[in-house]
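Participant: There's a structure below that I have some questions on.
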Amino acid sequence: GLSGPKHITAGAGATFTAPVYVSESAAASGSTSARVLGVNGSTLSVVANVTGTSQPSGIAISTGGTFGSNLYLGLRSPSGATGEILQVTSTGSSSTFVAPALGTGAADLAFPPAGSAIWSTQLYAAEPTAGRVQRFDSSGASQGIQTGMTTPRYLAFGPTGTTLAQYLFVSDSAGVIW
C-alpha cells in the first residue's frame, strides 16, 4: 500500500499509461526519501525511487514535444528552504531538471493542456515559501515569474475548449484563487 502519499496526477501519453501516479515519502528505512508509484486499480508499480533527504512535492507528466514523454517530480528539503525538480524517464532513471533556480522547492507542478493555443509548452511550478509561480522551458531555464502571492500551493489549467482555457488557476493559503 501507500505509505505517505503527497501528490497525485493523471497518467498521460503512451509512456506513462497507468491511470494515476502518486508521489510519496518513502518508509522510514532512510535509504530512499521519495518514490513515484503508478496506480492501476489495486496494483501499485514503482516508477522511480529517489534517495536523499528531500521530500516529494509536485508531480506532472509531459505528453511529448520538447519536454519528451517524461515525469517531473518536485522535491523540497524538510525545512522547505531548498528544492529541485527531477526529470524521470519511463525506465525510472532520474536527473536534475532544475536546481537551484527553484530556490524554495515546488509545492505543485503543471503542464498546460496538450495542444493549447494559449499556453506555451512550459512547466509551471508553485513555490509557496517564495510566494511565486515560475515557468521553465525544456532546458530548465526560467522563462518568467509571477510574484505577489502569499503561499501558492496548487496549480490547474482551465480545460481546453472552454472559456476557462485561458487561465492558470493558483490556490493560495490566504484563501485566494489567482
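Participant: Check every one of the strands (runs of 3 or more DSSP E) wholly within the stretch 1-95 and list those with 1 or more residues that are surrounded by 15 or more Cβ atoms within 10 Å (Cβ to Cβ) and at pLDDT below 75.
Facilitator: Working: elements: 5-12, 16-25, 34-40, 43-50, 55-61, 71-76, 83-88.
Counting at least 1 such residues, we get 5-12.
Participant: Only residues that are farther than 19 Å from Phe67 by Cβ and within 20 Å of the chain's Cα centre (by Cα): list them for the stretch 141-164, please.
Facilitator: So the first thing to find is which residues in the stretch 141-164 are farther than 19 Å from Phe67 by Cβ, and the list is 145-154, 158-159, 161-164.
Once the filter is applied, which keeps residues that are farther than 19 Å from Phe67 by Cβ and within 20 Å of the chain's Cα centre (by Cα), the stretch 141-164 yields Ile145, Gln146, Thr147, Met149, Thr150, Thr151, Pro152, Arg153, Tyr154, Gly158, Pro159.
Participant: For Trp119, all conditions in the list (1) part of a strand (DSSP E or B); (2) hydrophobic (A, V, I, L, M, F, W, C); (3) open to solvent by 50 Å² or more (accessible area, probe 1.4 Å) hold save one; what is the number of the exception?
Facilitator: (1)
Participant: A further question follows. Could you list, in sequence order, all residues of the stretch 154-178 that are open to solvent by 50 Å² or more (accessible area, probe 1.4 Å), at pLDDT below 85 and not in a helix (DSSP H, G or I)?
Facilitator: Pro159, Thr160, Gly161, Thr162, Ser173, Ala174, Gly175, Val176, Ile177, Trp178
The values are calculated or read from the model by the stated rules, or taken from the named source; none is laboratory data. Quick caveat: nothing in here was measured; it's all calculated off a predicted structure. Glycine gets a Cβ as well: all are built from the backbone with ideal geometry, and neighbour counts include every protein chain shown. Heavy atoms of the whole protein, side chains included, go into the accessibility calculation; ligands, DNA and RNA do not. Shrake-Rupley method; radii C 1.70, N 1.55, O 1.52, S 1.80 Å.
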